[in-house]
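Peer 1: Right, I'll just put the structure down here and ask away after.
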Amino acid sequence: MPSMNPELFASWTYAQTHVNEPEHVAAVRERAEDLGVRCIDPAGRSMLQLLCTLRQPRNVVEIGSGVGVASLAMLEAMGSAMTLTAIEPDLEHANAMRQGLRDSSIPSARARIINERAENVLSRLADHAYDLVLIDAGAELLLEYVAEAKRLVGTGGVIIVNHAFDEHRLAKPAVRRPSTVTTRDALRMMREDPRLQTHLVPTEQGLFVATVLPAKPATWR
């Protein structure tokens, strides 16, 4: 979070708070608070909707859907054109997501909610069959999730990692917490991959975005 320049901090704060969310999203956030689930922040949710509007993904995988705040953002941005595969290991959270979809009039056929651990599910999903993968799970298996995401998306596909700031520890070199080290390694793995174009969006939680570039013709140098 910016802290040295007061004007920069004021602008950053304004950008984070200059987002209006509909009432049904507020209701889902209240449900998340009751269950102790930390959801994507409003600015991150807004950016996610924008990315979906620009990329127009048809098939999406969400690793760690929680109660479905991000899920709703993507489904509502794309209308009937998108199908979501949401992986959520906690049954109570998955049921809360189902309730949120019903309350928002999202047809159940558009969201396949898999109540299993992601590491047991991802290997069953087909290579290059998805347009977007959102990773919003703990950092413990983030390297594995990123590797699987790179396999799942094809050219032009998008990989998004929420909570990329690791509770604002990422920018502090002295911090060596396991979650921080794993997050640094995962983001570095994507930044250094020549097949990917990446950007770290400074939302409240940090939103890391990568897209798969087309292969360069053999004549390029």
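The values are calculated or read from the model by the stated rules, or taken from the named source; none is laboratory data. These figures come from a predicted structure and were not determined experimentally. Positions of Cβ are generated from backbone atoms using ideal geometry, with glycine treated the same way; all protein chains shown enter the neighbour counts. SASA here: full protein model, heavy atoms, side chains in, ligands and nucleic acids out. Shrake-Rupley method; radii C 1.70, N 1.55, O 1.52, S 1.80 Å.
Peer 1: Would you please classify the overall shape of the chain from the alpha carbon gyration tensor, given that a ≥ b ≥ c denote the square roots of the eigenvalues, rounded means a/c under 1.5, and beyond that prolate means a/b larger than b/c while oblate covers the rest?
Peer 2: rounded
Peer 1: For labels at GLU30 and ARG58 in the simple 7 Å Cα→Cβ model, what's the distance in nm?
Peer 2: Reported label-point gap for GLU30 and ARG58 is 3.9 nm.
Peer 1: Quick query: amide H of VAL201 versus all other amide H atoms, modeled in the peptide plane; which residues come in under 5 Å with a sequence gap of 5 or more or a different chain?
Peer 2: LEU207, PHE208, VAL209
Peer 1: Taking the solvent-accessible surface of protein heavy atoms with a 1.4 Å probe, what is the per residue accessible area of the chain in Å²?
Peer 2: Computed with neighbouring chains in place, this is 52 Å² per residue.
Peer 1: Report the calculated FRET efficiency for ARG124 and THR155 (r = Cβ-Cβ distance, R0 = 30 Å), to the nearest 0.05.
Peer 2: My answer for the efficiency is 0.85.
Peer 1: Report in % the part of the accessible area of the chain that belongs to carbon and sulfur, leaving out ligands and nucleic acids; probe 1.4 Å.
Peer 2: 54
Peer 1: Computed over the Cα atoms of region 16-129, what is the ratio Rg over Rh, Rh following Kirkwood?
Peer 2: A ratio of 0.94.
Peer 1: Can you give the FRET efficiency for ARG169 and SER105, using 1/(1 + (r/R0)^6), R0 = 41 Å, r = Cβ-Cβ distance, to the nearest 0.05?
Peer 2: It comes out at approximately 0.55.
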